[in-house]
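A quick write-up on the structure given underneath.
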Amino acid sequence: MATIDYPLDRPEPIAPEFSFSETLYNWVATVDHKRLGLMYVVSALFFLVVAGIMASVIRLQLAVPNNHVVGPDTFNRLFTMHGTTMVFLVGMPMVAGFSNYLVPLMIGARDMAFPRLNAFGFWIFLLGGFLLYFSYIGGGGLSGAGSAPDVGWFAYAPLTSKAFSRGAATDYWALGVLVSGVGSIASAINVIATAFCLRCPGMTLSRMPMFVWVMVVDSWIILVALPPLSAAQIMLELDRNLGANFFDTQAGGSAVLWQHLFWIFGHPEVYILIFPAFAILSEVIPIFSRKPLFGRPAMVGAVVAIGFISLGVWAHHMFAIGMTSWSNTFFAASSMLVGVPTGIKIFNWTATMYGGKLRMRTPLLFCIAFLLQFLVAGLTGIMLAVAPFDWQLHDSYFVVAHFHFTLIGGLVFGLFAGMYYWFPKVSGKMLSETLGKWHFWLFCIGFNMTFITLHFAGLLGMPRRIYTYYPGRGWDTLNLVASLGVIPQAAGLLCFVWNIVRSSLRGAPAGDDPWDGWTLEWATPSPPPEYNFEKLPVVRSSRPLWDLKHPQDPDWKFE
Amino acid sequence: MFTYALNALLQVQVPGITERRITDIFKPLATPGEAERQAAFLTLAITGAIFIVVGGLIIYTVWRFRRRADDDSRQEPPQVYGSNQIEAAWTIIPILIVFVLIGVSARVIASVQNASPPPKALKIRLIGHQWWWEVQYPDYGIVTANEIHVPATPDGKNATYLELTSVDVIHSFWIPQLAGKMDLIPNRTNYMWIDPREPGVYVGNCAEYCGTQHANMLLRVIAQAPQDFKTWTLGQQQPAGNDAQASGAKAMFNSLACVNCHLVRGTPSVGKFGPDLTHLMSRQTIGAGVLVNDAKNLRAWVNDPQEAKPGCFMPSMKLTDHELDEVVSYLQSLK
Amino acid sequence: MAEDTVITADALQMERTWTLPDRGTVGVIFLIITETVLFSMFVAAYLIYIGKSLTAPFPKDVLERPYFASICLFSSSATIVFAEHALKKSKLGIFKLWWLVTILLGGYFLFATGTEWHKLIYEDHLTISTNLFGTTFYSLVGLHASHVIVGLIFLLIVFVTTMLGFPIHTQERRVKFLSWYWHFVDAVWVVVFTVVYIIGLKS
Ligand code: HEA
Ligand code: HEA
Ligand code: CUA
Ligand SMILES: [Cu+2]
């Protein structure tokens, strides 16, 4: 008898006892999408803390003019490792982690399409991270110079050539990024195959949860955007170790080729990073405003549109390399056009809240902050897309402020919303609301303190990636305020860490469905068993649990 | 030592010219910068309006529909699935706005990039080095470093055209008050132009990360009244200062390794790796703006450049005090 | 929660009629898409650097078109299809035959590439570090060759196991994917051949 097995009258899964070594083995050898997803997210959080501490040192150094906490070389390594870690070891694993854990649960599947490939993806990603950080030890290499890479996260040629960056640090950077990229591609293929081939009976693509939709498009972007990066890294390694001349300007090579290859990856990458946040908001906002996602078809259309337009805007990172006025105009135009589908998303999320009953729990707070901050981030993005304006703003702290607004105010806030929302499902325990509120307000205030001010430093002509600056150029107070903002941010993150630890030990039991949810994951026990569902559910609308909870007016009547 | 560095940009004064240390991109004093400012203000106006409208909408929604204590949780709000009219509206309006912005960008891009140099415009070739700027005046046969002298043109008639390239890695030329950035890329030449409206010292930085001392690759454009500029060029065209009582010092200098990296026109010192020193004393700073160019700093610099500019490519020459005195006195004779 | 009869009733028949694409198929298709993008980057690099080399040797001096090897590779695409058909009709003998032919054709292509490189390196003194031509040539052709090698390894695994009596007809699906991959490698060679031996040859 096939039907959604709803929480009631289900045999309690008996938890068998394991010794420590057995448990360890079970985790290392697991191919279960939930455990892999968890390991992704946890390692990403670990790297977030590491790179965050680096950022704190950066801010400490820049707090006052002519500061000497760290020297120039150390500083350059710090921002390189900070940026690389945040993008490749925090952002990317978060994508893989969330999609791994949630996609099968949401589409009523028992596992991912390729469980072993999935495990491979995780461990190869971890290897990449290890390679990157090994540079601190092995970076000296044969010619002895340098420890960690100090070429910046987009490592412009020819600064990366053997002549200008000796030692092996840059090689570890390239290999680390290359290897972890393989992992991302593996999990992307996996997500797509899962969503296309393992949906439970009745779940047509039009009924697939928005979260899954966004993650599928995200995986698509990964598949078409990461290979250019891999190609660039391979060429770089050929240059450095076999004496090839791809980026060797002495041999007639072009320094600009690297920039094109990198940004053909690099810009889609930033949407790869923000999409999990989009996905999370599309689930959290409806639940906490008790309304279905407003204009679902348009939302799907918007992500697909972004998924394609974002492939054609990369050179807006290169307005200052002296392109023809035509290319400049073209890339300015395409960059601004991306604003239209993104706008649709922002408007529809707002419309979802409009007329609802907003439950002001921590997840929703993070979503609301996301909406406002991402609005600012996007609009500064539009300013950067106006090429003449960007000639002034390029490589200034205005850009730094822009992308921290997108990456923290957008991505990180979205991720926090997701973690507060799904933690009960993952652990069976609720996170503390009070600690959650502290986390939210501290982090929100600190973040805005730091990065609103940095916009103005940029407008006053402060270039990025400088290890120190002279007083009397109007940057002093701005930088001091920005640095002070790190303190509340750190405090907020400590609240979060403490909240996780405390709640997983002795948090209030969550039950299967604490938020009165509508998607299938809430129809499983918390935490879900290895096999997710005893009986595969059968669905008839995009909100199966709503149908079950409201037999009198189910969604499928309106489809 | 660092206190000198700290003072570098503060003390410098060219007699009779104001130094503009606040590099506010919204206070431009040249045509390209001005065009960019206009584009910027228009963009700011539009995006600002969008922010107020959309932000206001979000805040209003949150405030208006936050859950009150009194309503009961079992009662779900009316389930609305969407509305084609509204969604069409907030798709089309942004598209229109975007087209306005595209128009603005296109116009300014063309006006700045496609301006062609008048026949007798001053041409300058700017070459990026790690971490200093080589400045060549092909028409005058002048080579100097880190300080770009150009004529100020209140009417914008005789603009200065720059050819930008690099010998090592990518650098970027950025004087916020004059114009936006243009990169200096090895094996490629970029072009840009500036026309400072007022005499003055315009400060800027290298704006593309170029390695250890990217932070101290400072840059100064010195705009002078045309006749002052003329006298400057005449001065620069003179051979290296050669007064009698410095001859001993000169011999000393030429006996040292300095000559392998520095050029002093008309002397055995013919190095090309470092800045041209022929008229060193006509420059106000040394080390691409890290130090004020006075006797004390010159001595400190030559003694150990690594202290003022750690990682820079001039090694400490480990000179004896006597050699130092001689060398510095010679350098000071290079008026 | 009361059982909802409406749902369960047609749920049953929904389950019966519910069909979705095969996961392997989807996986392989998207794998091939990424691979395509990877190749196109090296192709782009090659095209950009045509005629940009500062020093000899140049393509026009040292390259000859590997017609025969190319024909071998292309025809191997046909033979592998014959092998598949044989397998469908479970004519194992014919399958093994065509499969072996495919391997030999692919193997010859690889051998031809090897000899070409040997000539270029030892007679024309063109290495990857000589000039931009060397750099882009070896990286693009080498990337393709590496894919041929991978393909050959898989083909060999299938062949050997079948010879040892492994019931290959149970693996029709996997064989199909393998032949897709092989077709892809051929298709890439069409592009590489055009770019390197036709467009780039004159420079
Ligand atoms: C999550 C990551 C993320 C996201 C989502 C974005 C989104 C956007 N970014 Fe950003 N960006 C980065 C991360 C991101 N960016 C990073 C990391 C860098 C720096 C890399 C480096 O140099 O280190 C960067 C740099 C960067 C540059 C280069 C700056 C420079 O170096 O000179 C530019 C230039 O065009 C740009 C533009 C944009 C635009 C137009 C968007 C758009 O997608 C924004 C769209 C959103 C909106 C527009 C707001 C909502 C829309 C509405 C309310 C509708 C109405 C609006 C209009 C009609 C305009 N970004
Ligand atoms: C997801 C992406 C992401 C995130 C979250 C951040 C977070 C932060 N970033 Fe960063 N940043 C980048 C991505 C990101 N950054 C990128 C891509 C670059 C470009 C690099 C380049 O130019 O090459 C960059 C560059 C960059 C710069 C410019 C450097 C330069 O150009 O010279 C600065 C300077 O202020 C900065 C600051 C910060 C700060 C203060 C935070 C804060 O939000 C950090 C907050 C976190 C903490 C303060 C740590 C808290 C941890 C604890 C308190 C420990 C808890 C204890 C236990 C668990 C035991 N970042
Ligand atoms: Cu030169 Cu930065
Ligand atoms: Cu971008």
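The figures follow:
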{"item": "Between 0 and 90°, nearest 10: helix A:362-385 axis offset from chain A longest Cα axis", "result": "40 degrees"}
{"item": "Diffusion coefficient, µm² s⁻¹, Stokes-Einstein with Kirkwood Rh over alpha-carbon pairs of the protein assembly as shown at 10 °C and 1.306 mPa s", "result": "49 µm²/s"}
{"item": "Cα-based radius of gyration of chain A once divided by 2.2 N^0.38 Å, which approximates compact folds", "result": "0.97"}
{"item": "Whole-Å semi-axes of segment B:215-259's equivalent ellipsoid (Cα gyration tensor)", "result": "29, 20, 7"}
{"item": "Net charge dipole size for the protein assembly as shown [Lys, Arg +1 and Asp, Glu -1 on Cβ; Debye, nearest 20]", "result": "720 debye"}
{"item": "Hydrodynamic radius of segment A:41-144 per Kirkwood, over alpha carbon pairs, in Å", "result": "15.9 Å"}
{"item": "Segment C:5-162 - Debye-derived log10 I(q)/I(0), Cα point model, q = 0.11 Å⁻¹", "result": "-0.63"}
{"item": "Proximal aspartates and glutamates relative to A:Lys557, as straight alpha-carbon distance under 15 Å, when same-chain residues fewer than 8 apart are discounted", "result": "A:Asp547, C:Asp4, C:Asp10"}
{"item": "Per residue value of the accessible surface for the protein assembly as shown (all protein chains in place, 1.4 Å probe), Å²", "result": "37 Å²"}
{"item": "Extended-chain gain in nm, criterion 0.36 nm per residue less alpha-carbon gap, B:Glu163 and B:Asp321", "result": "52.7 nm"}
{"item": "Cα-based equivalent ellipsoid, segment C:100-193: semi-axes from gyration tensor eigenvalues, Å", "result": "32, 14, 9"}
{"item": "Nearest 10 degrees, 0 to 90: helix A:33-62 Cα axis against chain A principal axis", "result": "40 degrees"}
{"item": "DSSP H segments from chain C that extend 24 Å or more along their own axis, Cα-based, with Kyte-Doolittle mean of 0.0 or above", "result": "C:23-49, C:67-88, C:92-122, C:132-163, C:172-192"}
{"item": "Cβ-based net charge around C:Leu201, under 15 Å, with every Lys or Arg adding one and every Asp or Glu removing one", "result": "-1"}
{"item": "Percent of beta bridges antiparallel (DSSP, segment B:119-213, rounded to nearest 5)", "result": "70 percent"}
{"item": "Efficiency of FRET from Cβ geometry, A:Val304 and B:Val80, R₀ 30 Å, rounded to 0.05", "result": "0.80"}
{"item": "Simple Cβ-charge dipole of chain B, Lys/Arg +1 and Asp/Glu -1, about Cα centre, in debye nearest 20", "result": "400 debye"}
{"item": "Segment A:500-559 - percent of accessible surface contributed by carbon and sulfur, probe 1.4 Å", "result": "60 percent"}
{"item": "Between segment A:362-378 and segment A:56-109, the alpha-carbon center distance in angstrom", "result": "20 Å"}
{"item": "Summed buried accessible area for A+B [probe radius 1.4 Å, Å², rounded to 100]", "result": "8000 Å²"}
{"item": "Nearest-ten-degree value, helix A:413-427 long axis tilted from longest Cα axis of chain A", "result": "40 degrees"}
{"item": "Solvent-accessible ranking of C:Lys96, B:Lys272, B:Lys296, largest area first, probe 1.4 Å", "result": "B:Lys272, B:Lys296, C:Lys96"}
{"item": "Sites C:Glu172 and A:Thr23, calculated FRET efficiency, Cβ-Cβ separation with R0 60 Å, nearest 0.05", "result": "0.90"}
{"item": "Within-13-Å neighbourhood charge of A:Ser282 [Cβ basis; K, R +1; D, E -1]", "result": "+2"}
{"item": "Burial ranking of peptide ranges C:82-89, C:164-171 (average Cβ count within 10 Å, highest at the top)", "result": "C:82-89, C:164-171"}
{"item": "Student exercise, segment A:429-556 dipole from Lys, Arg, Asp, Glu Cβ charges, in Debye to nearest 20", "result": "660 debye"}
{"item": "Kirkwood Rh and Cα Rg combined as Rg/Rh, chain B", "result": "1.17"}
{"item": "Efficiency of FRET from Cβ geometry, C:Ser40 and C:Glu123, R₀ 35 Å, rounded to 0.05", "result": "0.65"}
{"item": "C-alpha center-to-center spacing [segment B:55-83, segment A:445-461] in angstrom", "result": "33 Å"}
{"item": "Residue-span extension gain [A:Leu127 to A:Phe558] - 0.36 nm each, minus C-alpha spacing", "result": "150.3 nm"}
{"item": "Formal net charge of residues neighbouring B:Pro154 (Cβ-Cβ distance under 12 Å; K, R +1; D, E -1)", "result": "-1"}
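The values are calculated or read from the model by the stated rules, or taken from the named source; none is laboratory data. The model shown is predicted, which means the values in this text are computed figures rather than measured ones. Every residue, glycine as well, gets a Cβ built from its backbone with ideal geometry; the counts of neighbours run over all protein chains shown. Keep in mind that these areas ignore ligands, DNA and RNA; they rest on the heavy atoms of the full protein, side chains included. Shrake-Rupley method; radii C 1.70, N 1.55, O 1.52, S 1.80 Å.
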